[in-house]
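Notes to accompany the following structure.
The values are calculated or read from the model by the stated rules, or taken from the named source; none is laboratory data. Note that the structure is predicted; figures quoted are calculated from it, not measured. Cβ atoms come from the backbone with ideal geometry, glycine included; neighbour counts cover every protein chain shown.
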Amino acid sequence: MSSETGKILSTDGIPLEESLKQAERKNKIKAFLLVTPLLLFLIITYIVPIADMFSRSIDDKMVTNMLPKTYKAMEQWDGKELPPEEVFEAFYLDYKILVKNKTAGKLQTQLNYEKNGFKSVLKKLARKQKKFEEGNYKEQIMKVHKRWRNVEYWRAIKRRAPAYTYSKYLKGVDMYSNEDGKIVQVAEDRRIHRILWSRTLEVAFFVTLFCFLMAYPIAHLLATLPMKYSNLLMICVLLPFWTSLLVRTASWMILLQQQGIVNDFFVWIGLVADDNRPEMMYNKTGTYVAMTQILLPFMVLPLYSVMKTISPSLMRAGKSLGATPAVAFFKVYFPLTIPGIGAGCLLVFILAIGYYITPALVGGASGTLISNQIAYHMKSTLDWSFASAMGLMLLTGVLVIYWIYNKLVGVDNIKLG
Amino acid sequence: MALPKYTEPHYRIWHYFYLFVCGCVFFFLIAPLFVIFPLSFNAEEFLVFTDGMKRLDPDAFSTRWYKDMVYGTKNPWGLAAKNSFIIAIFATIGSIILGTLAALGLSSRHMPYKGLIMATLISPMIVPLIISGVAIFFFMAKVGLAATHLGIILAHIILGTPFVVITVTATLSGFDHSITRAASSLGSNPFNTFMKITLPLILPGVISGGLFAFVTSFDEVVVVLFLAGLDNTTIPIQMWTGLREQLSPTILAVATCLIVLSVLILVTAELLRRRSERLRGINR
């Protein structure tokens with residue numbers, strides 16, 4: 001010990017505290033460097049693109065970019081009366097370029113969303129504007145169609161001015177912002193998204209419930225049987241787990257078809273008439289049955305790993321103290337399995353809520369979920385910003401559940417196989 | 001599980017009921033897989049058991065759908081299989097390297113922000129595939145990797161690494177760090193220590209994580225649906241197209257092959273798990 005400073009020195013003559021801190025820092029950097037490649041890779045290829053989905057979902061620059069001069073001129077206009085000559089001139093110039101580049105159609109569609117009947121007015125203008133003379137565009141444009149005298153149409157253009165919008169999110173819950181800027185619901189017969197959201201939640205909930213009800217007894221059996229039997233039975237759980245999702249979906253498509261084995265069986269036991277075989281596929285029944293079977297292993301495995309750790313003597317102790325088997329089960333065994341139940345249920349629910357392949361193949365029209373709608377907009381309508389918005393709404397839901405899962409179970413406690 | 005002689009009758013009934021329920025659930029889990037196998041040998045083009053098959057008439061069975069799978073011109077299964085294997089193998093290698101390194105770092109007790117980083121690394125497993133697919137597609141399209149093998153491989157590395165991270169971290173949790181310290185004190189450099197001491201011990205975890213990554217890639221269809229062009233078609237994509245358009249027995253032949261493959265993988269994974277538990281001194 002150095003008597004002067006009162007500090008312990010290491011062999012290099014540096015205070016020990018300092019030296020330990022240095023070593024600690026070095027170890028920290030070393031550990032961090034090992035994680036860095038994967039972390040960077042994921043951030044670049046995965047996390048940033050997901051964040052990018054957000055900017056895509058609120059992006060609304062299309063109209064703004066098509067009418068740059070108009071919006072510049074409109075900055076001064078208060079929107080109460082017809083805009084001044086400069087706005088008319090700027091609009092004429094912008095529109096002329098669009099017609100020349102043959103992109104006016106997009107503007108017509110976009111503005112028609114904002115104000116019904118805009119399309120025909122713009123189409124007429126596209127034909128007539130070729131003969132326009134220089135100067136006094138206000139008069140000339142208003143002569144083409146009387147609706148140009150209606151300030152509503154100019155207000156509609158101005159409403160599209162902001163480059164960002166949350167309208168896609170409103171559309172995701174069947175709402176829109178109307179002409180007065182108020183948020184209202186769409187017409188009753190067009191509220192499709194809310195049906196999809198509630199159906200997705202409903203399917204995820206019931207699939208989780210069915211999985212739990214089926215997994216609990218077999219996980220218990222697997223955990224209590226002697227090793228040599230349980231290993232054999234475990235294969236029944238692990239083989240489907242390792243088998244391709246599409247293979248399992250295909251087998252359900254064969255089983256559930258109208259001439260399929262399940263229907264054959266129902267006819268054979270006399271449950272249904274041969275000429276009145278129920279449709280079990282391409283509806284919600286198919287989605288439920290197939291998804292339950294496919295997700296069942298994800299419930300069995302966490303339950304099993306928890307049940308394995310529960311000593312059988314606890315149940316015996318309960319019974320020896322006078323509890324009936326049922327009471328012993330509900331007071332002793334069941335509470336001990338709750339961590340496994342939580343893990344399994346949340347895992348299955350998270351997986352079910354984002355399911356795509358199985359509902360798309362066996363769900364038909366009444367069994368499709370929100371994921372199918374996202375894929376539809378990605379691949380068919382090409383409304384990518386709407387797909388992004390819906391994806392992010394789904395993601396938010398999943399992240400909330402993930403967060404709960406992490407609080408309850410901890411991600412590092414996930415066990416596989 | 002034999003019941004003791006003194007068991008009361010109503011409990012006895014309850015017990016047999018419980019066994020019956022378990023039997024039904026096991027049947028529900030495993031039986032669908034066995035439907036595919038006989039039907040793939042169907043001589044007819046229907047996906048139902050013909051009367052001949054029910055009588056076990058040899059003429060009702062044939063291997064024509066297997067021949068169609070291999071030689072058929074309409075279904076590019078050969079190309080799909082080749083692509084699937086190439087993509088899965090490279091994705092597995094990438095996942096193993098990145099995942100193992102990250103798991104080594106995460107298992108160190110000096111690692112800062114462990115929870116946050118772990119949550120980030122695991123996130124591709126939790127985020128619904130459709131969202132991963134959309135995001136990865138946007139990225140790959142931006143950097144010009146859409147419809148290339150490399151793009152799909154990178155996408156599958158993203159999806160595969162969480163499994164490697166989880167299994168290797170689990171293996172490392174029972175790892176005795178004093179043996180690596182012993183190696184360094186005996187003059188081994190860190191690389192040597194890793195190759196000669198750490199790696200052999202965590203190898204079962206690495207391989208079983210790799211198997212997960214392989215299966216994930218080999219079975220993945222959502223992300224590939226967004227990314228694949230005509231040249232990058234994979235087995236799952238072909239199956240998906242086939243199942244959507246028309247369920248042909250050729251698909252069942254492919255499915256049978258995939259089931260055989262998954263049996264092989266299951267056996268390997270199970271053997272590795274036991275070896276790993278033996279090495280880590282867990283006796284059950």
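Just checking, does the stretch B:58-66 include any residue being within 11 Å of chain A (Cβ to nearest Cβ) and aromatic (Phe, Trp, Tyr)? Can you show your working first?
At the first step, the residues of the stretch B:58-66 found to be within 11 Å of chain A (Cβ to nearest Cβ) are none.
No, because not a single residue in the stretch B:58-66 is within 11 Å of chain A (Cβ to nearest Cβ) and aromatic (Phe, Trp, Tyr).
Let's see how each residue does on (1) within 27 Å of A:Ala389 (Cα to Cα); (2) outside any helix (DSSP H, G or I); (3) touching a residue at least 40 places away in the same chain (Cβ under 8 Å); (4) of a type in the set (A, V, I, L, M, F, W, C):
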{"site": "A:Asp94", "(1), (2), (3), (4)": "no, no, no, no"}
{"site": "A:Gln108", "(1), (2), (3), (4)": "yes, no, no, no"}
{"site": "A:Tyr153", "(1), (2), (3), (4)": "no, no, no, no"}
{"site": "A:Tyr169", "(1), (2), (3), (4)": "yes, no, yes, no"}
{"site": "A:Val184", "(1), (2), (3), (4)": "yes, yes, no, yes"}
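Cβ-Cβ distances below 6 Å connect the following pairs, each with a first residue in the stretch A:21-47 that is more than 26 Å from B:Leu227 (Cβ to Cβ) and free of Cβ contacts under 8 Å to residues at least 60 places away in the same chain, a second residue that is among the small types (Gly, Ala, Ser) and surrounded by 12 or more Cβ atoms within 10 Å (Cβ to Cβ), and a separation of six or more residues or different chains: A:Ala31/B:Gly105; A:Ala31/B:Ser108; A:Leu34/B:Gly105; A:Val35/B:Ala102; A:Val35/B:Gly105.
Against the numbered list (1) of a type in the set (Val, Ile, Thr); (2) farther than 30 Å from B:Ala141 by Cα; (3) within 11 Å of another protein chain (Cβ to nearest Cβ), A:Val348 comes up short only at (3). Meeting the requirement of 1 or more residues that are more than 16 Å from B:Phe214 (Cα to Cα), within 11 Å of chain A (Cβ to nearest Cβ) and basic (Lys, Arg), the helices (runs of 4 or more DSSP H) wholly within the stretch B:75-175 are B:114-126, B:129-142.
Being assigned to a helix (DSSP H, G or I), facing chain A (nearest Cβ under 7 Å) and β-branched (Val, Ile, Thr): is that true of B:Val223 here? So B:Val223 fails the test. Of the residues making up the stretch A:316-340, just one is within 39 Å of the chain's Cα centre (by Cα) and not in a helix (DSSP H, G or I), namely A:Thr337.
Considering the stretch B:16-42, the residues that are touching a Ser or Thr at 6+ places or on another chain (Cβ under 8 Å) and part of a helix (DSSP H, G or I) include one that is farthest from the other protein chains (Cβ to nearest Cβ), namely B:Phe37. Of all residue pairs spaced 6 or more apart or on separate chains, those with beta-carbon atoms under 7 Å, a first member in the stretch A:240-268 that is more than 7 Å from chain B (Cβ to nearest Cβ) and crowded, with 23+ Cβ neighbours inside 10 Å and a second member that is in a loop (DSSP other than H, G, I, E, B) and among the aliphatic types (A, V, I, L, M) are A:Leu256/A:Met280; A:Leu256/A:Met281. Checking B:Arg284, B:Arg280 one by one, the residue that is surrounded by fewer than 17 Cβ atoms within 10 Å (Cβ to Cβ) and either at pLDDT 85 or above or out of contact with any Lys or Arg (no Cβ under 6 Å at 6 or more places or on another chain) (or both) is B:Arg284 and no other.
Selection over the stretch A:104-142 of residues that are over 26 Å from A:Ile183 (Cβ atoms) and surrounded by 12 or more Cβ atoms within 10 Å (Cβ to Cβ) gives a count of 18. Taking each residue of the stretch B:79-100 that is hydroxyl-bearing (Ser, Thr, Tyr) and looking for partners that are outside any helix (DSSP H, G or I) with beta-carbon atoms closer than 8 Å, six or more apart or interchain, yields B:Ser84/B:Thr234.
Which of the residues spanning the stretch A:178-201 are modelled with pLDDT of 85 or more and surrounded by 13 or more Cβ atoms within 10 Å (Cβ to Cβ)? Even if it seems obvious, please write down each step before you answer.
Step one: of the stretch A:178-201, the residues modelled with pLDDT of 85 or more are A:192-201.
Within the stretch A:178-201, A:His193, A:Arg194, A:Leu196, A:Trp197, A:Arg199, A:Thr200, A:Leu201 qualify.
Within the stretch A:358-370, the set of residues being within 10 Å of chain B (Cβ to nearest Cβ) and in contact (Cβ under 8 Å) with a residue 40 or more places away in the chain comprises A:Leu361, A:Val362, A:Leu369, A:Ile370.
Test of understanding: among B:Ala2, B:Ala81, which residue is modelled with pLDDT of 85 or more and over 30 Å from A:Gln258 (Cβ atoms)? Walk me through it before giving the result.
Working: B:Ala2 fails: modelled with pLDDT of 85 or more.
When all the criteria are applied, what remains is B:Ala81.
Residues in the stretch A:45-86 that are within 14 Å of another protein chain (Cβ to nearest Cβ) and out of contact with any helix residue (DSSP H, G or I) (no Cβ under 8 Å at 6 or more places or on another chain): A:Ala51, A:Ser55. Can you list residue pairs whose Cβ atoms sit under 7 Å apart, with the first residue in the stretch A:324-342 being of a type in the set (Val, Ile, Thr) and the second being part of a helix (DSSP H, G or I)? Count only pairs 6 or more apart in sequence or on different chains. Listed by first residue and then by second, the contacts come to A:Val332/A:Leu314; A:Val332/A:Met315; A:Val332/A:Gly318; A:Thr337/A:Leu303; A:Thr337/A:Val306; A:Thr337/A:Met307; A:Ile341/A:Phe212; A:Ile341/A:Leu303.
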